[in-house]
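Read the structure below first, then the notes.
The values are calculated or read from the model by the stated rules, or taken from the named source; none is laboratory data. Quick caveat, the model's predicted, so the values are computed rather than measured. Every residue, glycine as well, gets a Cβ built from its backbone with ideal geometry; the counts of neighbours run over all protein chains shown. Just the protein is used for accessible areas: all its heavy atoms, side chains included, with ligands, DNA and RNA removed. Shrake-Rupley method; radii C 1.70, N 1.55, O 1.52, S 1.80 Å.
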Amino acid sequence: MADIPDDSAALLQLLSTPGSAVFLDFDGTLVDLAPTPDGVRLEPGVVEALALLVERHGGALALISGRPVAQIDAMLAPLVLPVAGVHGVERRGADGVLHVAATPDVSPVLARAQALAAVHPGLLVEQKRGAVALHYRLAPELEHLCSQEMTAAVQACPGVLLLHGKMVLEAKPAATDKGGAIAAFLRETPFAGRRPVFAGDDTTDEAGFAFVQQVGGQGVKVGLGPSAATLRLASPGALRAALLAACVSPEGVDDDEFPRTTV
């Protein structure tokens, strides 16, 4: 297996630079993946590091996740951050206001996923606001069957898109994605006018990478796999190390070295 490039130094500079707006995926980026969604664990010091980076960047740090906002809050408690959940369906700004996008009816997808899981105990169905995720990490041999079933279900639901993630297939509203969520944050205080940096690990993060780089920011891919992101880290551990290092590093290069963004 080829070595994964390590752009930790470049990320550390971005995290240490005043004028950055920091956006982070959660699963597979901030935390290591686990066999089930509720099995992930935050490493010691991560919440404290996030709190310090929030202060350093004037509040301009948000999580951009496929998880619902409530799950992120429970994981980070007592820290409360701006969060986009369910790939942008839910979004709470720095002002604490929760915005919820209109969603199509995904009940036919839910019914089909639950029927499949009922006869294959290794499958896990996760119901979210306007979305359905079918996890097959505990039954990887069922990938093709899960893909067939979820593809057929989504085709019968207008306005629904199927995302192929790491051992998960997720039906979500086609009108929302992580790029759109980041764009919405960048129109608001304290993110407006800052250079966005977005770190993620999965195909579900590609819309975020594409957007931030389009507006002069930086995408950071965590782990293996093709990506539009131009920076790369080997693992969530490398991302966490950069976050911790940014908390103790000097304030980085001058803000004026990087262009401001307009969204």
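Going highest first, how would you order 46-54, 234-242 by mean Cβ packing within 10 Å?
Highest mean packing first, the order is 234-242, 46-54.
Kindly work out what percent of the DSSP beta bridges joining two residues of the chain are antiparallel, to the nearest 5.
55 percent
Give the peptides 223-229, 37-43 in descending order of average Cβ contacts within 10 Å, highest first.
Peptide ranking by packing, descending: 223-229, 37-43.
Classify segment 174-221 as rounded, prolate or oblate, taking a ≥ b ≥ c as the square roots of the eigenvalues of its Cα gyration tensor: rounded when a/c is under 1.5, otherwise prolate if a/b is larger than b/c and oblate if not.
Here segment 174-221 falls in the oblate category.
So for the pair residue 77, residue 145, with labels modelled 7 Å out along Cα→Cβ, what separation do we get in nm?
3.7 nm
Can you give the calculated 222 nm mean residue ellipticity of the chain, where each DSSP H run of n ≥ 4 adds -39,500 (n - 2.57) and the sum is split over every residue, rounded to the nearest 500 deg cm²/dmol?
-9500 deg cm²/dmol, from helical runs alone.
Relative to the longest principal axis of the C-alpha atoms of the chain, give the angle of the C-alpha long axis of helix 46-56, reported between 0 and 90° and rounded to the nearest 10°.
Tilt of helix 46-56: around 50 degrees.
Give me a comma-separated list of calculated 3J(HN,Hα) values for segment 167-179, in order, Karplus coefficients 6.51, -1.76, 1.60 applied at θ = phi - 60°, integers in Hz, x for any Gly or Pro.
Rounded to whole hertz, the list is 6, 8, 10, 10, 8, 9, x, 5, 7, 10, 7, 5, x.
Computing the accessible area with a 1.4 Å probe over protein heavy atoms, can you report the carbon and sulfur percentage for the chain?
Using a 1.4 Å probe with all protein chains present, the chain comes out at 57 percent carbon and sulfur.
Mind checking which of 171, 107, 209 is farthest towards the positive end of the chain's charge dipole, using Cβ charges of +1 (Lys, Arg) and -1 (Asp, Glu) about the Cα centre?
107
Per residue, what accessible area does segment 106-173 have, given a 1.4 Å probe and all protein chains present, in Å²?
Per-residue accessible area for segment 106-173 comes out at 47 Å².
Work out how much length residue 6 to residue 99 would gain on full extension: take 0.36 nm times their residue separation and subtract the Cα-Cα distance, in nm to one decimal.
Value of the extension gain: 29.9 nm.
Would you work out if segment 106-173 is rounded, prolate or oblate? Take a ≥ b ≥ c from the square roots of the eigenvalues of the alpha-carbon gyration tensor; rounded if a/c is under 1.5, else prolate when a/b is larger than b/c, oblate otherwise.
Judged from the Cα gyration tensor, segment 106-173 comes out prolate (a/c at least 1.5, a/b above b/c).
Could you tell me which GluC sites (Glu not before Pro) in segment 160-250 are loop residues by DSSP with no more than 13 other beta carbons within 10 angstrom of their beta carbon?
none
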